[in-house]
Amino acid sequence: MNTRETVRAKMAEVLGSAPERVSDDAVLTDLVNSSFLLVEMVIELQEEFDVRFQQSDIVDVVNVGQLLDLAESRIEARAKA
Amino acid sequence: MKIDENLHWILSFYRTSEISGALFFGELARSLRPSAIQQDMTRHFADEANHARYWTDCLEKLGVEPLKLPVAYQNQYLAAAGMPTNLMEILAITQVFEKRVVSQYSLHRESPDVPDIVTETIDTIMEDEKWHIQWIRDALTEMEDEYGADNIKDTLRRFTLADREVYQKTAQEHKERLGELRLATK
């Protein structure tokens, strides 16, 4: 499984969703019942993959694909560092 | 004992808020890697769960059942302040919220005609709340190297402004229920 799909699988696990529901164009707020679950998922991704996001990184993130792009770029940057 | 319906609502509101805090910190404690923060977060989540129990017991002693309230106060924070996106931001928003809790409970304790059981419950909870503020302050200080002291200060300032906005909105929305506690909006 590549990095992107590993992150997607983690997102699906935290959200309690089937992986196919966590498609690139799925709107994040449509996948959760509570904003707190979204916060938990974002924190869980950072803990799991040892990366850091700032609010400015997230402010324009609307769908799963955008969050995967962000996570993937941070994970790759960390691997190169 | 038959209690005033506004007091019934307020104590149920406290209970709902403590439950939301416990569930949120419980999930975070589960997510975090082993560390001092994980340990403190776990104790924090257990405290919040106990506080919900204290309010549930208090309501029972006052002869009423908890009201089921739909939305916890904390949910409104995210709309006002934007979503916290890392552990530092989570701790910063929690620090601001805990200070609000202490202020609200202090104000309630000093308001007229508070039943003894409510005063006792607030006193018990306040001991924990002091520790919550302390551990988060210490953790934020330790995070200065990673996140930057100025960034942490700016984040606290942003969430403090959001807190004032949410509190005033809530106080306005429930002004009749809150009665003397409206003073907290000043």
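The values are calculated or read from the model by the stated rules, or taken from the named source; none is laboratory data. Note that the structure is a prediction, hence the values are computed from the model and not measured. Note: ideal-geometry Cβ built from the backbone for every residue, glycine included; neighbour counts use all protein chains shown. Accessible surface areas use protein heavy atoms only, side chains included; no ligands, DNA or RNA. Shrake-Rupley method; radii C 1.70, N 1.55, O 1.52, S 1.80 Å.
If I model a spin label at residue A:33 and residue B:60 as a point 7 Å from the Cα along the Cα→Cβ vector, what separation in nanometres do I get?
The two pseudo-label positions are separated by 2.5 nm.
Only helical DSSP H runs with n ≥ 4 go in: add -39500 (n - 2.57) per run for the protein assembly as shown, normalise by residue count and round the 222 nm mean residue ellipticity to 500 deg cm²/dmol.
-24500 deg cm²/dmol
Considering all alpha-carbon pairs of the protein assembly as shown, what whole percent are spaced by more than 24 angstrom?
52
Calculate, for chain A, the solvent-accessible area per residue in square angstrom, rolling a 1.4 angstrom probe over the heavy atoms of the protein chains.
Accessible area per residue, chain A: 51 Å².
Can you list residues from other chains, or at least 5 along the same chain, whose modelled amide H is less than 5 Å from the amide H of residue A:63?
A:28
Under a no-solvent Debye model with one identical scatterer per Cα of the range B:5-178, what's log10 I(q)/I(0) at q = 0.18 Å⁻¹?
Result of the Debye calculation: -1.22.
Mind jotting down a quarter of the surface of the convex hull over the alpha carbons of the range A:29-81, in square nanometres, one decimal?
3.6
May I ask for the accessible area buried between chains A and B, both sides summed, probe 1.4 Å, to the nearest 100 Å²?
Answer for the A-B pair: about 1800 Å² buried.
Under the 0.36 nm per residue contour assumption, what length would be gained going from the current alpha-carbon distance of residue B:170 and residue B:141 to full extension?
Separation in residues times 0.36 nm, less the Cα-Cα distance, equals 7.3 nm.
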